[in-house]
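S.K.: A single structure is presented below for examination.
The values are calculated or read from the model by the stated rules, or taken from the named source; none is laboratory data. None of these values were measured; they are calculated from a predicted model. Reconstructed Cβ throughout: ideal geometry from the backbone, glycine too, with neighbour counts over all protein chains shown.
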Amino acid sequence: MLTIAKTHTLRAAKFGPDISSGRLPLKIKRFGCIPTDKIETIKMNPQLHYGTIVHWFDAMQRGSIIADDSGRRFFADKAALAGSYLFPKTGDRVCFSEDSSKERPTACQVELLKPDYKPGQILRITLKDWDFSKNGGFGHDENFPGQPVFVIGAFLTDQSRIPKVGDCVEGVLQQHRNGQWMLTEAAIQAYVPPESAAQTVRPSEKQAMQRLSENLQTAPARSDIPIHKTPAEAKAAPLQSVVRESAPMPDDPLVEYDEAAAPPANRVLNGTILNWNDEKGFGFIRYGDEHQNAFFHISAFHYQSRRPKNGQAVSFYCKPPVKGERRQAVRVVLRGDENCLFGEQKPDEGSPDILISDLLTKIFTGAAYLLATAYFSYKLAAVYLVLSVITFFLYRDDKLTAQKTDKNSRAYAGRIPENKLHAYALFGGWPGALAARTAFNHKTQKVPFVYIFWFTIAVNIAITYALLIHYADNPILSILKN
């Protein structure tokens, strides 16, 4: 036995392996000449790593792990799993050691991370990322950095403040049915500058940020978790940010835009609308003691049927500007409607969008025109009535398509063309269009459409007058008369 061990040592010295590095030349591996007192050093690096299983194939019983501390990818198979961890899956948070006897990074002693969290306990985390479009983010507990804890804007106690990376958030810990941990009744305690917070972010968390939107899709609804709220908090609307296309910054000679005095991001500000251009759909909000101006587009005005007017008192907020773009208001509401400032629901949604008297007036106007036409020609009045019914439903379908489909989708491109709506109105269907525009609050604000619409009404009335009165003695047109 002594002779064999000595022979192994001599062979190892011959090939010159660096035992302390844990790397062996191929010659030693081929002959199997490994000193017995170095086997444990070669097999395992005792350093403990934390990471996430990014791929796991059940059929082959193998996968890969991304380490938090270095961002390296480690190979793992069934033999690398700890005895208590039998059913790994993609997305599991694990701790493991590195098997340095392998040529490629290989994990061993892989164990599932199980934090000792309990529903209902108070937990404080530091935000590592906040997705403005999803109105949610995640952070880490100092005592358990390997476990992400999610925060949803709907569960923030302060609805007027948007969290930032580095904020310290404290709340009641709850577990969703998908296994993710999250905070409810969350309160922002302190703020750490993003520069210092960014230094604590590990490389693998960049990938976690990319997966944030997927994780937030499984975030719980309010009905999933029992929450006790004060009456004041119960009135607050859920926070769900809306992504809007940023409108181009106009060159308005009346208002000089000061880049240095740009409004702060993620703060609710109060101001007054001035220089609103309804035809172009943009204007400015004057705010602050120094009378600064913030640009906003009609898409930021969070109402279904109302339009901005000069002098209106409003509340608004701005998101952080994209590089190369000026900052502008992304959500604007009238003063008193701040509870809908961050919500998906609009202040005038669910309330009557039309005045009954206005609708009745439009219906009476169309009916009077059809009755006057019927006095001279039942046939022409019947044609106008049928066209009016068709036009009414065309407006309804176009309104529903505009509300329920995304602007970039193929269904949105299949909306009713405006020329078709004008054609039906021109040939006698305008009474139905008149009622539909008021009933569905559709095509009432687009100035070019409104001008053409009233022009088609005037032309149709002129044609009807010519057919039934001016050329009444024409023998060909006599077939239309009663």
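S.K.: Of everything in the stretch 88-124, what is over 30 Å from Q174 (Cα atoms), among the hydrophobic types (A, V, I, L, M, F, W, C) and touching an Asp or Glu at 6+ places or on another chain (Cβ under 6 Å)? Give them in sequence order.
M.R.: If the condition is that a residue be over 30 Å from Q174 (Cα atoms), among the hydrophobic types (A, V, I, L, M, F, W, C) and touching an Asp or Glu at 6+ places or on another chain (Cβ under 6 Å), then C108 is the only one that fits.
S.K.: Another question, then. Which of the following residues is more than 20 Å from T373 (Cα to Cα) and surrounded by 14 or more Cβ atoms within 10 Å (Cβ to Cβ): I452, I457, I461?
M.R.: From the options I452, I457, I461, the qualifying one is I452.
S.K.: Name the one entry in K446, K481 that is surrounded by 13 or more Cβ atoms within 10 Å (Cβ to Cβ), among the basic types (K, R) and free of Cβ contacts under 8 Å to residues at least 60 places away in the same chain.
M.R.: Unique residue meeting the criteria: K446.
S.K.: Among (1) at pLDDT 70 or above; (2) closer than 29 Å to V165 by Cα; (3) surrounded by 19 or more Cβ atoms within 10 Å (Cβ to Cβ), where does P263 come up short?
M.R.: If we test P263 against (1) at pLDDT 70 or above; (2) closer than 29 Å to V165 by Cα; (3) surrounded by 19 or more Cβ atoms within 10 Å (Cβ to Cβ), just (1) comes out false.
S.K.: Sort through K89, K102, K164 and tell me the only one that's more than 29 Å from W56 (Cβ to Cβ) and of a type in the set (D, E, K, R).
M.R.: K164
S.K.: Specify which of the listed residues (S64, S70) is modelled with pLDDT under 85, surrounded by 13 or more Cβ atoms within 10 Å (Cβ to Cβ) and closer than 20 Å to P148 by Cβ.
M.R.: Residue meeting the stated conditions: S70.
S.K.: Out of the residues in the stretch 42-61 meeting the condition of being aliphatic (A, V, I, L, M) and under 24 Å from V149 (Cβ atoms), tell me which one is surrounded by the fewest Cβ atoms within 10 Å (Cβ to Cβ).
M.R.: Restricting to residues being aliphatic (A, V, I, L, M) and under 24 Å from V149 (Cβ atoms), the top hit is L48.
S.K.: Oh, and also: Within the stretch 73-99, restricting attention to residues that are touching a Ser or Thr at 6+ places or on another chain (Cβ under 8 Å) and among the small types (G, A, S), which residue is surrounded by the most Cβ atoms within 10 Å (Cβ to Cβ)?
M.R.: Selected residue: A76.
S.K.: Then there is this: Within the stretch 451-482, how many residues are more than 20 Å from G429 (Cα to Cα) and either among the charged types (D, E, K, R) or under 57 Å from the mean Cα position of the chain (by Cα) (or both)?
M.R.: Number satisfying all stated conditions: 1.
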